[in-house]
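In what follows, a single structure is set out as structure tokens and then discussed.
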Amino acid sequence: MAYRIGQGWDTHRTQAGRELILGGVRIPAEFGLSGHSDADVLFHATTDAILGALALGDIGMHFPDTAPEWKGAASLQFLQHAIQLAAGKGYSLVNVDSTIILERPKLKDFRGAVRESLANAVGLPVDAVSVKFKTAEGVGPVGEGRACEAQVAVLLQASA
Ligand code: C5P
Ligand code: MG
């Protein structure tokens, strides 16, 4: 197959006293996200999107949160491992489109930094990487500030 499409979703609870890391960028905030790793919801959803495109299962299959070697791991490692798996199957990324849903703080001032960081992480030019931000309009756990979500779509193409 010349092309494969994938989608990924992730959510993490907000937690005081943790750093807020989105797409490898530290965002100033009064809270971070809880999780076994650095809880980078955007990198996790991107990892799942790449694994999904190739029907390689999900992030928990490859990096079980019970495995001591992944405790506190930078999510960049998960993402780059997924890209290596894709390369091993003869596929490379074409583009990434993502949405982070977080009630506060406003993220738009960090769009350039997050795009650049995600682009570097996946080895694409910045114009092939989209990062969108949404609130949840005060509704549900994300809207109440109790969680953050990310949704990501990726396209892979056969390298040969
Ligand atoms: O969710 P809503 O449609 O109200 O978001 C309006 C705009 O606010 C978004 O298009 C986005 O640019 C920005 N935004 C942001 N940081 C957030 C949520 C939304 O900068 N946490
Ligand atoms: Mg996660």
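The values are calculated or read from the model by the stated rules, or taken from the named source; none is laboratory data. If you're wondering where the values come from, they're calculated on a predicted model, not measured in any experiment. In this analysis, Cβ positions are derived from the backbone assuming ideal geometry, glycine residues included, and neighbour counts consider all displayed protein chains. Surface accessibility is based on the protein's heavy atoms, side chains included, excluding ligands, DNA and RNA. Shrake-Rupley method; radii C 1.70, N 1.55, O 1.52, S 1.80 Å.
Tabulated data for the structure shown
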{"read-out": "Gained length - residue 106 relative to residue 133, 0.36 nm times residue gap less alpha-carbon distance", "value": "8.9 nm"}
{"read-out": "Where the Cα pairs of the chain fall when distances are cut into 10 Å bins, in %", "value": "12, 43, 34, 11, 1"}
{"read-out": "Percentage relative contact order, the chain, counting C-alpha pairs under 8 Å, at least six apart", "value": "34 percent"}
{"read-out": "Sulfur and carbon atoms: percent of accessible area, the stretch 3-158 [1.4 Å]", "value": "51 percent"}
{"read-out": "Label-point gap, in nm, between residue 13 and residue 158 - each point 7 angstrom along Cα→Cβ", "value": "4.6 nm"}
{"read-out": "Computed over the stretch 43-111, Kirkwood Rh from alpha-carbon pairs, angstrom", "value": "13.5 Å"}
{"read-out": "Under 14 Å, Cα to Cα: Lys pairs in the chain, sequence gap 8 or more or different chains", "value": "4"}
{"read-out": "Förster-model FRET efficiency, 25 Å R0, residue 30 and residue 58, C-beta, rounded to 0.05", "value": "0.20"}
{"read-out": "Under-5 Å amide H pairs with residue 94, H placed in peptide plane, nonlocal only", "value": "155, 156, 157"}
{"read-out": "Alpha-carbon gyration tensor eigenvalues x 5, square-rooted, for the stretch 27-67, Å", "value": "23, 13, 5"}
{"read-out": "Surface accessible to a 1.4 Å probe, per residue, for the residues of the stretch 3-158, Å²", "value": "49 Å²"}
{"read-out": "³J(HN,Hα), Karplus 6.51/-1.76/1.60, whole Hz, each residue of the stretch 10-24, x for Gly, Pro", "value": "8, 9, 9, 5, 6, 8, 5, x, 10, 7, 8, 10, 10, x, x"}
